[in-house]
Protein chains: 2
Amino acid sequence: MPGHHSRSIATVCLSGELTDKLEAAANIGFDGVEIFENDLLTFNGSPADVRRMAADLGLAITIFQPFRDFEAMPEPQRRRNLDRAERKFDVMQALGTDLVLVCSNVQEACIGDPARAAADLRDMAERAAQRGLRVGYEALAWGRHTRRWREAWDIVQRADHPALGLIVDSFHTLALKDDPSGLAELPGERIFFVQLADAPLYDMDVLQWSRHYRNFPGQGQLPVTGFLRAVLASGYSGPLSLEIFNDEFRAAPVRQTARDGLRSLILAEAGAAAPSAPGTVPATPLPPVPRLSGIEFLEFAVNEAAGRQLGDFLGGLGFQLAGRHRSKAVELYRQGQVNLVLNSEPDSAAASHFEMHGPSVCAMGLAVDDAAAAARRAEALLCASWNEKRGVSERLLPALRAPNGALVLLVENQPGRPTLWDDDFHLLPAAPPAGPPLLGIDHVTQALAPGQMDGFVLFYRGVFGLEPEPQLDLPDPQGLVHSRAMVNAGGTVRLPLNTSEARETATGRFISAAAGAGVHHIAFLVEDAAASAAALAGSGAPLLPIPGNYYDDLSARFALEDAELEALRRLNLLYDQDAEGGSFRHAYTTSFANRFFFEVVQRRGGYRQFGANNAAVRMAAQARFEAGRRG
Amino acid sequence: MPGHHSRSIATVCLSGELTDKLEAAANIGFDGVEIFENDLLTFNGSPADVRRMAADLGLAITIFQPFRDFEAMPEPQRRRNLDRAERKFDVMQALGTDLVLVCSNVQEACIGDPARAAADLRDMAERAAQRGLRVGYEALAWGRHTRRWREAWDIVQRADHPALGLIVDSFHTLALKDDPSGLAELPGERIFFVQLADAPLYDMDVLQWSRHYRNFPGQGQLPVTGFLRAVLASGYSGPLSLEIFNDEFRAAPVRQTARDGLRSLILAEAGAAAPSAPGTVPATPLPPVPRLSGIEFLEFAVNEAAGRQLGDFLGGLGFQLAGRHRSKAVELYRQGQVNLVLNSEPDSAAASHFEMHGPSVCAMGLAVDDAAAAARRAEALLCASWNEKRGVSERLLPALRAPNGALVLLVENQPGRPTLWDDDFHLLPAAPPAGPPLLGIDHVTQALAPGQMDGFVLFYRGVFGLEPEPQLDLPDPQGLVHSRAMVNAGGTVRLPLNTSEARETATGRFISAAAGAGVHHIAFLVEDAAASAAALAGSGAPLLPIPGNYYDDLSARFALEDAELEALRRLNLLYDQDAEGGSFRHAYTTSFANRFFFEVVQRRGGYRQFGANNAAVRMAAQARFEAGRRG
């Protein structure tokens, strides 16, 4: 017996033809698939062909679905529906699956009598049983008379046929804010199938919500873990299956979606198992979420020329060349607590990254408590690992690939032991600091192509325990940018994720220029933003100019001293305040080569946000500056 | 006094920087703009600069907006809000506008007492009056205490100050299904400003609906005309202003949006004026919607080689060369009642079209009752007209450009007079027909790039009186295709519009291949689809193969005779039925050069749809066929 439930995915979650879907599900490691009928109808091969294909791939066909609008119809539809069922039983037998999903009837003609529904389902189950098949009944959240799992369960109990059982779906239950806890009391063997789906919390028609906005468990905001815990407490031992209708998934690369799906199932099962059985070994032995103490470094892929230009740019921000790698064409730049690495080593991961994306961040080093355990967790969650060749005495950094292929390196610093920099670099004597020191990397913002947000949220949430903050819509002059910050519990790692369907927004332009997702913006934490901005301005650093109207409005919105307002205006500093009185001062540089840019930020009084209120002004200024630079 | 109200648009409707927005609004012919504050804050110039810029462009600044969360706050916010108002009055005076929009307070702290709200607004109005300014109060549909226009009007009446008036917005009123008819009873001079917006009918949170999905009047489904009629009946004589928050508009080319906006205002005003004053001349003398009797022809842009290939392809579908243009390299192909024109004339509109888009439909000829009047209507609705050079004795066809630049030619056929074809072509003797004759062009489907749907809906609705049918989501293997048919009252012209954010769907692939919007698919009406499909198959025409599973499912869904089912299967015919018993039989060709394709359709029993239930099967078959052809 495996240590986990059989893992299944509905073909409707995946893009492409049925062949593509089955291959992707099998390759990533699913045990089975739900055959969504539409994928069979559009397929140019018989159900027997599908059976063979699945068998060759080692995939079970866990269910055939959906069978709609069956129960409690008046005659003659009642009889016709039974005939229709027989035709679908033929298909199931050819497919080699014994279970069909009957979802609750949505027809206006459907009779609101549970006894009638039970009688019809009993008839269907009896016919199914004669062929060795089974029927599962599921409450659709928008069913005509049956909407909640208890109503469906009541009908299943009334029908009282061994070939009829209950099917539950986390979306249908949780979308109605229905309480799943009672599922724990059901006899587990009467639950024939369990479907899992999450969704962002939208206040909209539940059918539209379900058809277009579902996503994988952990990508949304529904309490799927509690639902699953209740289901598992019933003793249910069948497959856990993903059923997601999502416009973006329909268009996304099929392997990417399959991997995200399996990652999500592993996390969901581990999450549901963990606290339910204290003292016992969880079903999936997933190493714990690492404790992150910060972003140890960022590494830029450059060539020799771009490296010189970027080094000069960083010099203008007060960075100094602090070391050279012992064996590679890699330089360390430092300002205060911030380490930036410029990698121009030929024939390396960085070199391939440069070739594909131009000058760009190719790796992020995260400081973790236990690098080996973090790497094992990432591996268990299907992250590709990566090993770069290195010199004999150099440190081995476990590394994994983020969804965009960029590397995340796991750095474990132990008190009293040499650091990564001591081990791997010839460090240069530190010169006196140019300007107030940077206290660390406050946040790193990545630009994602449309359709990548859910995958990145799941990656950072699952592998590193970052939690998503609410999504914000930021108005760029050329369209909206959607932004969602992933932040760990201690606030030591903050990674905003930005995406935009509009191609000419700051985010859209970055995606075009960089040929894909990547780091768009790096914010440094400082003690005093005014002092830092003044030092930057004094050394001729390229600060982004902010228009005067912004400051006139600030003075209307906030009770700022005249002197402070004047300083903000003079230094091109932006200002924000939260409801609790925390405040935020920040200034931006113009971009390096119309690519990424930098920010200095000062947080006071527990301000935890990112100055989103100022994003419109910043993005308009960037667009203006870049247009001026081009023209 | 002009024959219409002053026409205004809020800068938030338009993409780009404030400069771009003002220029676009002025160039298309708006009289004024609402300055949306965010557009001022992000602008790198003073309010006085904006005033000069608007004056130079001949634009009035009709209002400054929004001023949020003002009324009925406890101290100290109350006092701060009055200070904030004074700062914004400064801005208004520098801008040179006398009116500010105060939208109802959404803060939790806001006191639910109309008398308090009235007292605060009176204070504000008194301060405004001292500077010669005015304040308009508007109920937001999601305001804390004031949501409906009557509640706002009650507060304005209580405040009783000449510098305080009511502002109404069609979206806020109609989104709550509030009745606008009482607006007619208000004293018109107490309404200070009128904003117009439409929206598709979505059942979702009204704030999200408003922020992301508004569109121009006539693009959505709200009864904006009735709202406007009530407002105008009050005697309101101020500007009519568009205020649209729409994610697609934010990213669309600014001139396109400005033109759509003005077109929509002209139509809205004409619509509101028309029936209210029978016997009088409407404010905007807009020629009536033309009566369309059908699609007279489609014209393909080709070069010599593509023309030969397409001619051969059409020959396979039973078309015959029926004539040659008297003066140009233009050929007429005919089958039954369908005319297809192949234009390879160098140095023509078709030649430019071919150069940009490859072989494609460059013009559609619509048969109208009065071509001159239709052309005048189109011109009044801001359509660019087009005149191709022509031979001396040839017919002058009024032509206008669709939003994608394709030509729509207006053909007026009069009984007993020579036709276009007689006038302009050397007609060849008709050969005996190859196969059952085509009865006409049933529908023409266009593929639109994302963001173009609203503009096309307004164009066909406004210029030709076609009405949009509900939007459908069609599942292509690589993503959803959204489809909406525009149909005239008589059903003689049917133009489905398809769009897809996903680039690898059938629609997405067409947009890439054809470099923009265009005709993707042409359906011919036939008497008997089986006879036509059999004739096509017999002559070796390239019919799209349909998988067997589709027919197995048909037999489960519909009570079809075995013989009919066998015929459908053998002939690759698809079948659909509507709720009233109407039926639809249709078959597709494979595509010409992976571009456009053809369909034969048979309608029975009043079936009015387009077989959307079969779209998934058709699109999967097309993707499979094209992949096979490529690989």
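The values are calculated or read from the model by the stated rules, or taken from the named source; none is laboratory data. Here the structure is a predicted model, which means the values were calculated and not measured. Glycine gets a Cβ as well: all are built from the backbone with ideal geometry, and neighbour counts include every protein chain shown. Areas reflect the complete protein model, heavy atoms only, side chains present, ligands, DNA and RNA absent. Shrake-Rupley method; radii C 1.70, N 1.55, O 1.52, S 1.80 Å.
Brief remarks on what is shown
- Note on segment A:607-631: among residues that are over 17 Å from A:Ala523 (Cβ atoms) and more than 14 Å from chain B (Cβ to nearest Cβ), the one that is surrounded by the fewest Cβ atoms within 10 Å (Cβ to Cβ) is A:Arg630.
- Here B:Asp203 clears all of (1) within 14 Å of chain A (Cβ to nearest Cβ); (2) surrounded by 24 or more Cβ atoms within 10 Å (Cβ to Cβ) except the condition numbered (2).
- Condition check for A:Thr492: more than 30 Å from A:Asp369 (Cα to Cα) and in contact (Cβ under 8 Å) with a residue 40 or more places away in the chain: no
- Whichever residue in segment A:265-286 is within 20 Å of the chain's Cα centre (by Cα) and open to solvent by 20 Å² or more (accessible area, probe 1.4 Å) and, among such residues, is modelled with the highest pLDDT: A:Leu267
- Residue within segment B:149-158 that is of a type outside the set (Gly, Ala, Ser) and farther than 30 Å from B:Leu222 by Cα present: yes
- Each residue in segment A:487-502 was checked for being open to solvent by less than 10 Å² (accessible area, probe 1.4 Å), within 30 Å of B:Gln452 (Cβ to Cβ) and more than 14 Å from chain B (Cβ to nearest Cβ), and 1 of them qualify.
- Looking across segment B:20-52, the residues that are part of a helix (DSSP H, G or I) and open to solvent by 40 Å² or more (accessible area, probe 1.4 Å) come down to B:Asp20, B:Glu23, B:Asn27, B:Ile28, B:Asn38, B:Asp49, B:Arg51, B:Arg52.
- Residues being within 14 Å of chain A (Cβ to nearest Cβ) and assigned to a helix (DSSP H, G or I) - total across segment B:454-486: 0
- Screening A:Arg324 with (1) at pLDDT below 95; (2) touching a His at 6+ places or on another chain (Cβ under 7 Å) gives one miss only, at (1).
- When A:Ala593, A:Ala587, A:Ala567 are screened for being out of contact with any strand residue (DSSP E or B) (no Cβ under 9 Å at 6 or more places or on another chain) and within 30 Å of A:His357 (Cα to Cα), only A:Ala593 passes.
- Residue in segment B:550-562 that is aromatic (Phe, Trp, Tyr), open to solvent by 30 Å² or more (accessible area, probe 1.4 Å) and more than 14 Å from every other protein chain (Cβ to nearest Cβ) present: no
- When each of B:Pro200, B:Pro180 is tested for being modelled with pLDDT of 95 or more, under 22 Å from B:Gly261 (Cα atoms) and not hydrophobic (A, V, I, L, M, F, W, C), the lone residue that passes is B:Pro200.
- So A:Thr499, is it closer than 22 Å to A:Pro468 by Cα and among the β-branched types (Val, Ile, Thr): yes
- Selected residue (criterion: farthest from the other protein chains (Cβ to nearest Cβ)) from residues of segment A:537-549 that are open to solvent by 10 Å² or more (accessible area, probe 1.4 Å) and under 30 Å from A:Ala406 (Cα atoms): A:Ala541
- Among (1) under 14 Å from the mean Cα position of the chain (by Cα); (2) over 29 Å from A:Gly271 (Cβ atoms); (3) surrounded by fewer than 21 Cβ atoms within 10 Å (Cβ to Cβ), the one test that A:Asn404 misses: (2)
- Test result for A:Asn413, farther than 18 Å from A:Glu296 by Cβ, among the polar types (S, T, N, Q), modelled with pLDDT under 95 and in a loop (DSSP other than H, G, I, E, B): no
- A:Arg509 within 14 Å of chain B (Cβ to nearest Cβ) and not in a helix (DSSP H, G or I): no
- The set of residues in segment B:72-105 being basic (Lys, Arg) and either part of a loop (DSSP other than H, G, I, E, B) or out of contact with any strand residue (DSSP E or B) (no Cβ under 7 Å at 6 or more places or on another chain) (or both) consists of B:Arg78, B:Arg79, B:Arg80, B:Arg84, B:Arg87.
- Qualifying residue in segment B:473-485 (condition: touching a Lys or Arg at 6+ places or on another chain (Cβ under 7 Å) and under 15 Å from B:Gln609 (Cα atoms)): yes
- Test for A:Arg334: is it more than 20 Å from the chain's Cα centre (by Cα) and outside any loop (DSSP other than H, G, I, E, B): yes
- Annotation: of all residues in segment A:248-262 being touching a Gly at 6+ places or on another chain (Cβ under 7 Å) and within 14 Å of chain B (Cβ to nearest Cβ), the one that is surrounded by the fewest Cβ atoms within 10 Å (Cβ to Cβ) is A:Gln256.
- Filtered by the rule that a residue be in contact with a Cys (Cβ under 9 Å, 6 or more places away or on another chain) and away from every other protein chain (no Cβ under 13 Å), segment B:35-65 gives a lone residue, B:Gln65.
- There is no residue in segment A:171-178 that is over 20 Å from A:Ala199 (Cβ atoms) and surrounded by fewer than 22 Cβ atoms within 10 Å (Cβ to Cβ).
- Subset tally (residues that are in a loop (DSSP other than H, G, I, E, B) and either open to solvent by less than 20 Å² (accessible area, probe 1.4 Å) or modelled with pLDDT under 95 (or both)) for segment A:429-448: 8
- Within segment B:503-529, considering residues that are without any contact (Cβ under 8 Å) to a residue 60 or more places away in the chain and out of contact with any Lys or Arg (no Cβ under 7 Å at 6 or more places or on another chain), the one surrounded by the fewest Cβ atoms within 10 Å (Cβ to Cβ): B:Arg503
- Single residue of B:Asp98, B:Asp123 found to be under 19 Å from A:Asp553 (Cα atoms), acidic (Asp, Glu) and more than 14 Å from every other protein chain (Cβ to nearest Cβ): B:Asp98
Yes/no matrix, rows are residues, columns are (1) open to solvent by less than 40 Å² (accessible area, probe 1.4 Å); (2) farther than 19 Å from B:Ala117 by Cα; (3) of a type outside the set (A, V, I, L, M, F, W, C):
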position: B:Ile61; (1), (2), (3): yes, yes, no
position: B:Phe64; (1), (2), (3): yes, yes, no
position: B:Phe67; (1), (2), (3): yes, no, no
position: B:Met73; (1), (2), (3): yes, no, no
position: B:Arg78; (1), (2), (3): no, no, yes
position: B:Glu86; (1), (2), (3): no, no, yes
position: B:Met92; (1), (2), (3): yes, yes, no
position: B:Val100; (1), (2), (3): yes, no, no
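- Considering (1) at pLDDT below 95; (2) buried (at least 22 other Cβ atoms within 10 Å of the Cβ), the lone condition that A:Lys389 does not fulfil carries the number (2).
- Across segment A:209-242, the qualifying residues are those that are away from chain B (no Cβ under 14 Å) and among the aromatic types (Phe, Trp, Tyr), and the one among them that is surrounded by the most Cβ atoms within 10 Å (Cβ to Cβ) is A:Phe216.
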